[in-house]
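In what follows, a structure is listed as structure tokens, so that the remarks can point back to it.
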Amino acid sequence: MLAAVVHDFSKPLSVEEVVIPDPLVNQARVKIETSGLCHTDIHAAHGDWPVKPKLPFIPGHEGVGIVESVGKGVKTVKEGDRVAIPWLGYACGHCEYCASGWETLCENQLNTGYAIDGGFAEYANAYADYVAKVPKGVDPMDAAPLTCAGVTTYKAVKVSGARPSDLVAIFGIGGLGHLALQYAKIAGAAVVAVDLFEEKLSLAKELGADYTVNARTQDPVEEIKKLGGADQAICVAVAPKAFEQAYHSLRRGGKIVFVALPKDNDVKLPIFETVLNGISVIGSIVGTRVDLKEVFELHADGKTRVIHEKRHLHDVNEAFKEVEEGKAKARLVFEL
């Protein structure tokens, strides 16, 4: 099968022929139709984070395809099902986190495209209990970005507590941000979209943003404070400065949700103002299987739009560059 493989963190991915994997116990083999490109895939391929993937490996945690065969013990999916393979590739199912609805915090989890070979390939194995069935009528090209960008931002809006009458600031209108904006609108909030590129702010307006701020030419803190300050700020921009601006844009009692994972890991936040203003700082990793099911249901009901552009797997390194330089309008999706 054709796959994009990371052999060296300092070198481009190699698009090459590798052996088609046989499913192990509790796994399904999925013939991949589409696979979205997430910034996490780039960090994984570059070895940017403290815990690095074991080389060689195949990135991709937004794979969508058809179950071709199943291993022993599989009861939740069958051959012919269309499924999505998310970042949470496996969790133990019995620890305190799993048992209390926080499987995404399981200390024994395995992540797709990181610890488990992912969807940048014509076939991928996945633990059957952790894939999501894609509803009929949902385009696989839409389903792929929803599998990570969708469920990640949906969960972020959930934990932010956004509600009608609130003002939510979304920092970064791209693959994640254009969906975060829509989930905040579904929650009933007004939304201010912040980005560096006018074309992305135009997209934000098209998707329902009430206000836009170009952080290249305007001070987002000042502009959002003119609106009364944000009740919630959700940061999906991969720059520490954006996190700091998001924090300072909050009104008293506000919440900032950290979502993006910049290579530069540190932000500077004031203790004094955090205490006196009652600010909450929340970290939000991807959603659970239930969250992903809800994301697909919302899309099947016509309540969200996924903005994406198709790419071929042979162009994976060029696609990485597009995302790194901020040139991708929203989500890039490999069509296999």
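The values are calculated or read from the model by the stated rules, or taken from the named source; none is laboratory data. What you see is a predicted model, and the numbers here were worked out from it, not measured in a lab. Don't worry about glycine lacking a Cβ; one is built from the backbone with ideal geometry, like all the others, and counts go over all protein chains shown. Ligands, DNA and RNA are stripped out before the accessible areas are found, and what is left, the full protein with its side chains, is counted by its heavy atoms. Shrake-Rupley method; radii C 1.70, N 1.55, O 1.52, S 1.80 Å.
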Filter result (over 11 Å from S35 (Cα atoms), part of a helix (DSSP H, G or I) and not aromatic (F, W, Y)) within the stretch 130-152
A149, G150, V151, T152
Looking at the stretch 323-331, is at least one residue under 20 Å from the mean Cα position of the chain (by Cα) and part of a helix (DSSP H, G or I)?
yes
From G278, G302, G326, G283, which residue is small (G, A, S), more than 29 Å from Q109 (Cα to Cα), open to solvent by 30 Å² or more (accessible area, probe 1.4 Å) and touching a residue at least 24 places away in the same chain (Cβ under 8 Å)?
G278
Only residues that are without any contact (Cβ under 8 Å) to a residue 60 or more places away in the chain, out of contact with any strand residue (DSSP E or B) (no Cβ under 6 Å at 6 or more places or on another chain) and either more than 14 Å from R289 (Cβ to Cβ) or surrounded by 14 or more Cβ atoms within 10 Å (Cβ to Cβ) (or both): list them for the stretch 86-98, please.
A91, C92, H94, C95, E96, Y97, C98
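Rundown of residues vs (1) farther than 26 Å from D301 by Cβ; (2) touching a helix residue (DSSP H, G or I) at 6+ places or on another chain (Cβ under 9 Å), yes/no style:
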| position | (1), (2) |
| --- | --- |
| V168 | no, yes |
| L176 | no, yes |
| L181 | no, yes |
| K185 | no, no |
| A193 | no, yes |
| A204 | no, yes |
| A215 | yes, yes |
From A180, A124, grab the single residue that is touching an Asp or Glu at 6+ places or on another chain (Cβ under 7 Å) and open to solvent by less than 10 Å² (accessible area, probe 1.4 Å).
A124
Yes or no: A215 hydrophobic (A, V, I, L, M, F, W, C) and crowded, with 23+ Cβ neighbours inside 10 Å?
no
Could you grab me the full set of residues in the stretch 158-168 that are open to solvent by less than 10 Å² (accessible area, probe 1.4 Å) and part of a helix (DSSP H, G or I)?
S160
If we keep only residues of the stretch 224-239 that are free of Cβ contacts under 8 Å to residues at least 60 places away in the same chain and of a type in the set (D, E, K, R), then the residue most open to solvent (accessible area, probe 1.4 Å) is K226
